[in-house]
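Data block below; observations after.
The values are calculated or read from the model by the stated rules, or taken from the named source; none is laboratory data. Since the structure is predicted, the reported quantities are computational estimates derived from the model, not experimental observations. Cβ: placed from backbone, ideal geometry, glycine included. Neighbour counts: every protein chain shown.
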Amino acid sequence: MKSRTFILVIIVFAQFCCTSLWFATNAIINDLIAQFGLQESALGELTSAVQFGFITGTLFFGVLAIADKFSPSKVFLISALGAALINALIIYKGNTLTSLLSIRFIVGFFLAGIYPVGMKIAADYYKEGLGVSLGYLVGALVMGTALPHLLKAFGGSLPWETGLLTISSIAIIGGFCIYIFVPDGPYRKKGAGWKMKNVKSLLKNKAFATAAIGYFGHMWELYAFWAFVPVVIGLTFDTGFNHSMLSFLVIAIGALGCIAGGYLSKHYGVQRMAFLFLLISFCCCLLSPFVFGQGNKAVVLIFLFIWGFSVVADSPLFSTSVAISAPADVKGSALTIVTCVGFFISIVSIQLLNYMRQTIDIERLFIYLFIGPAIGLVIFIMNRKSIST
């Protein structure tokens, strides 16, 4: 029997490999604009296409309870293969904006069988210490999200097609790692399917509702921040800086935040640590116009690292709260549905910033992200006496 540590390492590695598909086009957006004659707004449109595909996928996987009815490892593999192969179609020279949006939509659909299913697999192996394991798991998502920027930083002289195909190949490796090395977990309980009564019963649970709303507020901020950080870096730092490397570092430092949050939650409580990180990123939203507008590059860089660290550190904590407050037979579907709503919210914030980018100065762009964290913080404060911390 494989140890849980070995299992966790494989899950983390596979999650890292497969979620690198998420921002595969963001790191090469300038190449795509030049190759296919796109507008600058394509950044937000392509990112939103992935999010919308992910939402559609989570509805499909969640309503049909795919991860509860079938082996999560097989679901993960099939999704990884599908996402990787579709992603490779971006190199086709005859693509248009419409075809690129369709490709990214389908990639997002298959990602619904990777990210939440990966959390489901981890939850099937861990009853105690789930916060730590999900901290590593979401940390892998963060590193996977940042990977395209790293490849761009080191492979600037290589054709963009090479980097894109490399990411697809890495995702295929991750899918097979899960299928070969991670069987169904000992705490897995096969579900009968998702029913509306499950939604009603979950919403009556204050711990679940608080975690879900906190996650929604966090998602309003997270992907919009990740999507537009390269834009801020490009306009703030001159050409003497490696913008792709800076983008990678600002996003990737969030992996340390996820891991640190997981360990700290063992001592201070999952909800308390989620509240703290949400509060920090809320403050970053409000301070962003002043920091970006004062012109000191060192201050801006430190600020971005603090924000990058905290903006995603609460994600595994909210997911842990969702997992432990949901009944075992619908745990996979609960994680998937909550994730679905969160990603729908992220589309709204991405499109808001995509629009505002055309109308306001870049230093004021991120202040609008405070709305989500503010709602999450208020709900937590209202329910703090009735939930476990």
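Observations on the structure shown:
- If the condition is being more than 17 Å from the chain's Cα centre (by Cα), assigned to a helix (DSSP H, G or I) and of a type outside the set (A, V, I, L, M, F, W, C), then segment 100-128 contributes only 102.
- In the set 34, 88, only one residue is part of a helix (DSSP H, G or I), under 22 Å from the mean Cα position of the chain (by Cα) and either farther than 28 Å from residue 355 by Cβ or not aromatic (Phe, Trp, Tyr) (or both); that residue is 88.
- For segment 283-308, a tally of residues being surrounded by fewer than 22 Cβ atoms within 10 Å (Cβ to Cβ) and of a type in the set (Phe, Trp, Tyr) returns 3.
- Listed by first and then second residue, the pairs with beta-carbon distance under 6 Å, at least 6 apart or on different chains, first residue in segment 226-242 and more than 18 Å from residue 299 (Cβ to Cβ), second in a helix (DSSP H, G or I) and among the hydroxyl-bearing types (Ser, Thr, Tyr), are 227/47; 230/247.
- Consider segment 160-183 and keep the residues that are buried (at least 21 other Cβ atoms within 10 Å of the Cβ) and over 16 Å from residue 118 (Cβ atoms). The one that is farthest from the chain's Cα centre (by Cα) is 160.
- Sole residue being modelled with pLDDT of 90 or more and among the small types (Gly, Ala, Ser), chosen from 123, 67, 49: 49
- Residue count for segment 50-80, restricted to those that are aliphatic (A, V, I, L, M), farther than 13 Å from residue 108 by Cα, in a helix (DSSP H, G or I) and in contact with a helix residue (DSSP H, G or I) (Cβ under 7 Å, 6 or more places away or on another chain): 4
- Qualifying residue in segment 111-126 (condition: farther than 29 Å from residue 310 by Cα and surrounded by fewer than 23 Cβ atoms within 10 Å (Cβ to Cβ)): no
- Within segment 16-39, residues that are modelled with pLDDT of 90 or more and of a type in the set (Ser, Thr, Tyr) sit with their Cβ atoms under 9 Å from residues that are surrounded by 16 or more Cβ atoms within 10 Å (Cβ to Cβ) and not in a helix (DSSP H, G or I), at 6+ positions apart or across chains, in these pairs: 19/114.
- Pairs are defined by a Cβ separation below 8 Å, a sequence spacing of at least 6 or placement on different chains, a first member in segment 333-353 that is modelled with pLDDT under 90, and a second member that is in a helix (DSSP H, G or I) and charged (D, E, K, R); the pairs so defined are 333/68; 335/120; 336/120.
- Looking only at residues in segment 248-268 that are surrounded by fewer than 24 Cβ atoms within 10 Å (Cβ to Cβ) and either touching a Phe, Trp or Tyr at 6+ places or on another chain (Cβ under 9 Å) or modelled with pLDDT of 95 or more (or both), the one that is farthest from residue 28 (Cα to Cα) is 260.
- Number of the exception - residue 351 against (1) crowded, with 20+ Cβ neighbours inside 10 Å; (2) in a helix (DSSP H, G or I); (3) within 18 Å of the chain's Cα centre (by Cα): (1)
- Checked against the criterion of being part of a helix (DSSP H, G or I) and at pLDDT below 80, the candidates 131, 139, 135 yield just one match: 131.
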